[in-house]
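Reviewing the structure listed below.
The values are calculated or read from the model by the stated rules, or taken from the named source; none is laboratory data. Please read all numbers here as calculations on a predicted model, not as lab measurements. Positions of Cβ are backbone-derived with ideal geometry, glycine not excepted, and every protein chain shown enters the neighbour counts. Accessible surface areas use protein heavy atoms only, side chains included; no ligands, DNA or RNA. Shrake-Rupley method; radii C 1.70, N 1.55, O 1.52, S 1.80 Å.
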Amino acid sequence: MNAPHASHPPLSSLWSTDPGTALRVGRGFRLTDVDPSSTPGFDGKKKHAEAELADGADELSELQERLFAASTGGATDAVLLVLQAMDTAGKGGIVRHVVGAVDPQGVDHYAFKKPTKEELSHDFLWRVESRVPSAGRIGVFDRSHYEDVLIGRVRELAPADEIERRYGAINDFEQTLVERGTRIVKVMLQISSDEQKSRLTERLERPDKYWKYNPGDVDERELWPHYQDAYQIVFDRTSTSLAPWHVVPANHKWFARLAVQRLLIDALRGIDPQWPAPEYDIAVEQARLAAT
């Protein structure tokens with residue numbers, strides 16, 4: 001019999017709506033309706049969010065440990081966090097301040113960059129399939145297979161009919177992952193054009209941030225409306241019941257971090273991983289240990 005695990009309190013009263021509901025992309029969703037400075041479902045301020053983030057870190061850490069432990073007993077569950085956003089939206093901060101709260105040995109973090117010559121010789125999902133998390137692990141895609149239908153569409157890096165094919169291929173791929181036991185948490189961090197300009201400006205004003213500035217970010221910024229349209233198509237085609245998208249307003253970093261943490265906690269609560277039962281006689285081992 002599995003050992004009981006500690007119960008955890010429900011969402012605080014500062015959440016008027018469950019984040020999974022408040023942020024989920026459903027029928028009729030329009031990205032243009034999202035206010036990047038809003039905090040959907042959360043009625044608190046920055047100080048409240050930071051306190052809840054600290055409190056939630058303990059639960060997230062325990063759930064991750066249980067997920068890993070359960071896999072040693074044969075459980076096949078895993079979690080995949082997909083992070084997509086325009087530059088400066090805060091993906092790195094999510095990785096550091098949210099995912100960073102758990103044991104790094106149980107996390108697989110990968111950022112998909114420009115495909116190599118070898119990768120281009122295969123189907124676009126070929127390089128992704130080898131990076132999905134195995135049982136007991138949390139995988140993080142900091143940029144993902146969605147780059148192939150976002151920048152691929154905006155920059156016309158593939159024929160139009162190939163881009164169209166990819167939406168269906170992504171849905172099939174994610175369905176296979178879910179059927180295999182992987183919970184997929186797909187998050188798009190939405191900032192405003194003005195907020196991005198402010199964050200890029202800061203990178204050019206502070207020597208400790210020069211390294212984060214990439215001249216190519218301005219090139220992509222000039223295509224902002226095209227990327228917004230490409231994201232809308234992604235949501236229309238790939239926000240499914242098995243792997244829905246969540247759009248998180250990200251002008252306030254504190255809200256984005258708390259929201260993503262809650263989405264991860266909810267995914268792990270849904271799995272409810274259990275400590276594995278021992279494969280040895282506890283009483284016998286206690287006696288043997290006492291005799292040494």
If a residue must be open to solvent by 10 Å² or more (accessible area, probe 1.4 Å) and not in a loop (DSSP other than H, G, I, E, B), how many such residues does segment 151-160 contain?
4
In segment 78-108, residue farthest from residue 143 (Cα to Cα) [restricted to those that are surrounded by 21 or more Cβ atoms within 10 Å (Cβ to Cβ) and in contact with a Pro (Cβ under 6 Å, 6 or more places away or on another chain)]:
78
Scan 125, 200 and give me the residue that is over 24 Å from residue 89 (Cα atoms), aliphatic (A, V, I, L, M) and at pLDDT 95 or above.
125
Within segment 111-150, count every residue that is open to solvent by 70 Å² or more (accessible area, probe 1.4 Å) and in a helix (DSSP H, G or I).
5
Those residues of segment 157-178 which are over 12 Å from residue 238 (Cα atoms) and in contact with a Lys or Arg (Cβ under 6 Å, 6 or more places away or on another chain) amount to 163
Do you know which of the residues in segment 214-266 that are in contact (Cβ under 8 Å) with a residue 60 or more places away in the chain and of a type in the set (Val, Ile, Thr) is farthest from residue 57 (Cα to Cα)?
233
State yes or no: is residue 165 touching a residue at least 12 places away in the same chain (Cβ under 8 Å) and basic (Lys, Arg)?
no
Specify which of the listed residues (117, 113, 91) is farther than 27 Å from residue 257 by Cβ and of a type in the set (Lys, Arg).
117
Could you tell me whether any residue of segment 41-55 is within 25 Å of residue 240 (Cβ to Cβ), crowded, with 16+ Cβ neighbours inside 10 Å and within 21 Å of the chain's Cα centre (by Cα)?
yes
Subset of segment 239-278, residues part of a helix (DSSP H, G or I) and among the β-branched types (Val, Ile, Thr), comes to 260, 265, 271
Of the residues that sit in segment 193-233 and are of a type in the set (Phe, Trp, Tyr) and open to solvent by less than 60 Å² (accessible area, probe 1.4 Å), which one is nearest to residue 156 (Cα to Cα)?
227
Per the list (1) within 30 Å of residue 75 (Cα to Cα); (2) surrounded by fewer than 14 Cβ atoms within 10 Å (Cβ to Cβ), residue check on residue 186 breaks on (2)
Need the failing condition index for residue 157 against (1) at pLDDT 95 or above; (2) of a type outside the set (Gly, Ala, Ser); (3) farther than 24 Å from residue 90 by Cβ, just the number.
(1)
Looking at this structure, is residue 32 touching a residue at least 24 places away in the same chain (Cβ under 8 Å), open to solvent by 80 Å² or more (accessible area, probe 1.4 Å) and in a helix (DSSP H, G or I)?
yes
When residue 172 is evaluated against the numbered criteria (1) in a helix (DSSP H, G or I); (2) open to solvent by less than 40 Å² (accessible area, probe 1.4 Å), which criterion, by number, is the only one it fails?
(2)
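Each row is one residue, and each column tells you yes or no for (1) touching a residue at least 60 places away in the same chain (Cβ under 8 Å); (2) within 24 Å of residue 272 (Cβ to Cβ); (3) in a loop (DSSP other than H, G, I, E, B).
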position: 57; (1), (2), (3): yes, yes, no
position: 66; (1), (2), (3): yes, yes, no
position: 69; (1), (2), (3): yes, yes, no
position: 84; (1), (2), (3): yes, no, no
position: 89; (1), (2), (3): yes, no, yes
